[in-house]
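Encoded as structure tokens, the structure appears first; notes follow it.
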Amino acid sequence: MSASAAEPATVARRGRPISWALALPLAWVALVVFLAITADWIGLPDPAAQELILRRKPPSAEYLLGTDNLGRDMLSRIIYGGRTSLIVGICAPFFGFLIGGAIGMSAGYFRGKVDLLAVGFIDILLAFPTLVLALTFVAYLGQSLFNVTLALGILSIPAAARVSRANTMAWANRDFVLAARTIGASNWRILTREILPNVLPAMFAFWLVAVSVIIVAEGALSFLGLGIPAPQPSWGGMIADGREALDVAPHTALIPAAVMFLTVLSLNFLGDMVRNLVDPRRSTL
Amino acid sequence: MSDAASGSVNGGPLLSVRDARVGFSTVRGLLRAVDGVSFDLQAGRTLGIVGESGSGKSVLVRSLIGLVGTGSGAIVGGDVRLDGQDVRGLSARNFRQLLGRDIGIVFQDPMTSLNPVMKIGRQIGEGLRLNRGLDSAAAARRAVELLVEVGIPEPERRASQYPHELSGGMRQRVAIAIAIACEPKLLIADEPTTALDVTVQRQILDLLQREQRERGMAMILITHDLGVAAGRADDIMVMYAGRAVEMATTREIFRGPRMPYTEALLRSLPRLSDATHTRLSAIPGRPPDLARRGTGCSFAPRCAYRSACCEAEEPALSREGGRGFACFHPLGAGGGTSA
């Protein structure tokens, strides 16, 4: 009987018609992720195979997205490039959020000296011009997928730390945290069991936005020639390559740019959507 | 049945507090939120701590159980003994154990005192798993039993729900279930009904009183409402500006307060015997600034009976029989002086 009483509330919350603003970005991101995962098995031509006679061909039936300056298949390069962008875009903020989240949560929970140290550290990181720091890092350690990911991951630490610190502070003073202490819970237990699950939704929403920021940052690094090393395609690198022929074959730069634009836009839309869902003003009720 | 069911060792009080102090350093100087409060609480008895907002009643009790954050720059002093054991001298680990086993606390607002992303049953079982070593299945069973005990219908279903699916009154019942899960010797109720509908308030107070009696727990009931404390507390401590200004049994307080502040509080309560449309008297003025305390009695500026000595010197808490009051001009010798 009361199961049916609870039902209308559920329907009201979930039964909203799926809006295009949610469906389209979700579909696009799903497509990019799907292709990036299955790239090896869907019969794509080798993204590095050159066919110099067929260079700078516009999109056609044979080459769906045309060919680039060296006659390589653009579709294949876009998809393999998407794999690179996603690996960097997902892993770098994940790494940054793991470390930044730990720093921010400790700072927000323990306050006092821990907070002072953490905020100082974050401010120092923030004071560096981000892209210059990444450039220096990659130039010094050498260009590789791992180093680029690491560099961009470090760049996302301060933002992650700030978000988690602010969220932790908001939750740490709630009575349920005090209540947990009065039942004898340790700090570690309170942080991981009481506070973390509450901070996580906001962190996830922010992480989605961070993914898009990192994809752009990786593109910028590649564009400047310090991204993923040459034969391996990446969106930023493709834009950089295509720039040379912008007047004769604009598609070589515009297609990767459009794909990156759509992906970043979709991720931002999704991030906003998730953020609205976990809005603290609603979650308290 | 007001007998001390779970008698303490050596027959002393269950909780003994001497000269408790809590100060916060602010930009305007040291704010003395609690300024030398002492009291004893016998096992199985209920102490009502009454005072207006900012009188230090919550801070006092929270400081006793280590909930006044050290990170907030609080300076905590005084001697606290639970069952004769020095609480302040315990290691962090032992103190957590003591909190978990011997003390339960119910907060004011059940909206914030439950974790919004943890199921009810789990929240109740958490303490049992931590302190009683129950496995999750046993803790879950006990959680359902506790839900029954605090009067929640359909306990199995409720146990698997989240706090936002429950009403305020039900949430407070859940909070009580969490507080009593580990059979504490001392239950602290910090304004447990302030955030609730008037109709629910009484039910929650009845529930607290019933649990307290059946389990022989001692209870500290913090409230700003003398009416709430009236029928529930054995003893009442009235706090004003961080100090205990009157301490007596509930009967004595209501029969004849000695401290003018207590009298003023009583007169601001509606009484059934009053004629209709009788104006309730308000206490003029405002509580003092705790960071700029003068030399005299802190209630003097608002007191109808003040004299020169009140402003020159702080009255100490004087004892007379079983009761205490801090006033140079105590009201009547026990008789009704509700002038």
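The values are calculated or read from the model by the stated rules, or taken from the named source; none is laboratory data. Computed from a predicted structure; not experimentally measured. Neighbour counts are summed over all protein chains in view; Cβ atoms, including those assigned to glycine, are modelled from backbone coordinates with ideal geometry.
Candidates in the stretch B:143-157 are the residues that are assigned to a loop (DSSP other than H, G, I, E, B) and buried (at least 20 other Cβ atoms within 10 Å of the Cβ); of these, the one that is nearest to the other protein chains (Cβ to nearest Cβ) is B:152. Being assigned to a helix (DSSP H, G or I) and surrounded by 11 or more Cβ atoms within 10 Å (Cβ to Cβ) is the filter here; which residues of the stretch A:124-136 pass it? Across the stretch A:124-136, the qualifying residues are A:125, A:126, A:130, A:131, A:133, A:134, A:135, A:136. When the criteria are applied in full, residue A:190 meets the requirement of being touching a residue at least 60 places away in the same chain (Cβ under 8 Å) and either out of contact with any Gly (no Cβ under 7 Å at 6 or more places or on another chain) or under 21 Å from residue A:149 (Cα atoms) (or both). Restricting attention to the stretch A:152-182, the residues being touching an Asp or Glu at 6+ places or on another chain (Cβ under 6 Å) and among the β-branched types (Val, Ile, Thr) number 1. Scanning the stretch A:170-192 for residues that are among the β-branched types (Val, Ile, Thr), in contact with a strand residue (DSSP E or B) (Cβ under 9 Å, 6 or more places away or on another chain) and part of a helix (DSSP H, G or I) turns up just one, A:182. Inspection of the stretch A:148-157 identifies no residue that is outside any helix (DSSP H, G or I), surrounded by fewer than 19 Cβ atoms within 10 Å (Cβ to Cβ) and either within 23 Å of the chain's Cα centre (by Cα) or more than 14 Å from chain B (Cβ to nearest Cβ) (or both). Are any residues in the stretch B:96-119 more than 7 Å from chain A (Cβ to nearest Cβ), at pLDDT 90 or above, buried (at least 19 other Cβ atoms within 10 Å of the Cβ) and in contact with a Ser or Thr (Cβ under 6 Å, 6 or more places away or on another chain), and if so, which ones? Matches in the stretch B:96-119: none.
Against the definition (more than 14 Å from every other protein chain (Cβ to nearest Cβ), under 30 Å from residue B:118 (Cβ atoms) and surrounded by fewer than 21 Cβ atoms within 10 Å (Cβ to Cβ)), how does residue A:166 come out, yes or no? Taking the combined requirement at face value, the residue satisfies it. From the list B:172, B:161, the lone residue that is part of a helix (DSSP H, G or I) and of a type outside the set (A, V, I, L, M) is B:172.
One residue stands out in the stretch B:125-142 among those that are more than 10 Å from chain A (Cβ to nearest Cβ) and in a helix (DSSP H, G or I): the one that is surrounded by the fewest Cβ atoms within 10 Å (Cβ to Cβ), namely B:137.
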